[in-house]
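The values are calculated or read from the model by the stated rules, or taken from the named source; none is laboratory data. In this text the structure is predicted, and so the values were computed from the model without any measurement. Cβ placement follows ideal geometry from the backbone for every residue including glycine, while neighbour counts extend to all protein chains displayed. Calculation scope for accessible area: heavy atoms of the full protein, side chains included, ligands and nucleic acids excluded. Shrake-Rupley method; radii C 1.70, N 1.55, O 1.52, S 1.80 Å.
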Amino acid sequence: PEPFGLDRDAARAARAVRTDGVTSVMRAVSLLGSFPSISIQIAVIGGAILLIRREAYPGLWLLAAALGAWSMSNGFKALLDRPRPEPGLIDAGGAAFPSGHATQGGAYFVMLGVILASALPRPWRLPAAWLAVALGVLSGLSRIYLGVHWVTDVIGGFALGVAWSCALLAVRRTMAAAATVD
């Protein structure tokens, strides 16, 4: 199928601003937002919170956010089978919609922001939360820049990921409220 006008315009704009330096940064950001990298982040961050604060739930919430986003992204990819733009600056297999990096950006990185905001001392909470969310957004945008996703793939991924993180945060809040009643 032919990409939407917005997709063509965003792809053209991304190609117009490519430089070697920006490409290097975008490759690194894309790697940071990949599922293998996120798995390592969960182990390190969840492990650190477990050791320092003796709390296992933060790591489990991060894992739930990442696994749910990964599962939903792959499910929609299999269902819709939208082709990727060609050629990209990096190899990317599988279908394009939704962007897995953007879905992770909307789920894992949002949850990471919430976890960091509750785990860190007060002066670090807001900057850490915003940094986590910014990394999630950049991870999705890097995929447009690298030419392996259409902008609508990224928008759809963000929407799916944010919806998943909101659902998890609602469950988290309900569990916390139930725990205070007992």
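Criterion first (crowded, with 21+ Cβ neighbours inside 10 Å and within 17 Å of residue 57 (Cβ to Cβ)) does residue 144 satisfy it? For residue 144, the condition - crowded, with 21+ Cβ neighbours inside 10 Å and within 17 Å of residue 57 (Cβ to Cβ) - is not met. Checked against (1) modelled with pLDDT of 90 or more; (2) assigned to a helix (DSSP H, G or I); (3) over 10 Å from the mean Cα position of the chain (by Cα); (4) buried (at least 21 other Cβ atoms within 10 Å of the Cβ), residue 116 meets all criteria but (1).
Residue by residue, here is whether (1) under 14 Å from the mean Cα position of the chain (by Cα); (2) farther than 14 Å from residue 34 by Cα; (3) at pLDDT 90 or above holds:
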| residue | (1), (2), (3) |
| --- | --- |
| 62 | yes, yes, yes |
| 66 | yes, no, yes |
| 74 | yes, no, yes |
| 82 | no, yes, no |
| 87 | no, yes, no |
| 92 | no, no, no |
| 99 | yes, no, yes |
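Cβ-Cβ distances below 7 Å connect the following pairs, each with a first residue in the range 17-42 that is closer than 26 Å to residue 73 by Cα and aromatic (Phe, Trp, Tyr), a second residue that is at pLDDT 90 or above and open to solvent by 90 Å² or more (accessible area, probe 1.4 Å), and a separation of six or more residues or different chains: 35/70. With the structure loaded, tell me whether residue 139 is touching a residue at least 60 places away in the same chain (Cβ under 8 Å) and open to solvent by less than 10 Å² (accessible area, probe 1.4 Å) or whether it fails that test. It is true that residue 139 is touching a residue at least 60 places away in the same chain (Cβ under 8 Å) and open to solvent by less than 10 Å² (accessible area, probe 1.4 Å). Could you tell me whether any residue of the range 161-173 is within 24 Å of residue 13 (Cα to Cα), assigned to a helix (DSSP H, G or I) and aliphatic (A, V, I, L, M)? No: the range 161-173 contains no residue that is within 24 Å of residue 13 (Cα to Cα), assigned to a helix (DSSP H, G or I) and aliphatic (A, V, I, L, M).
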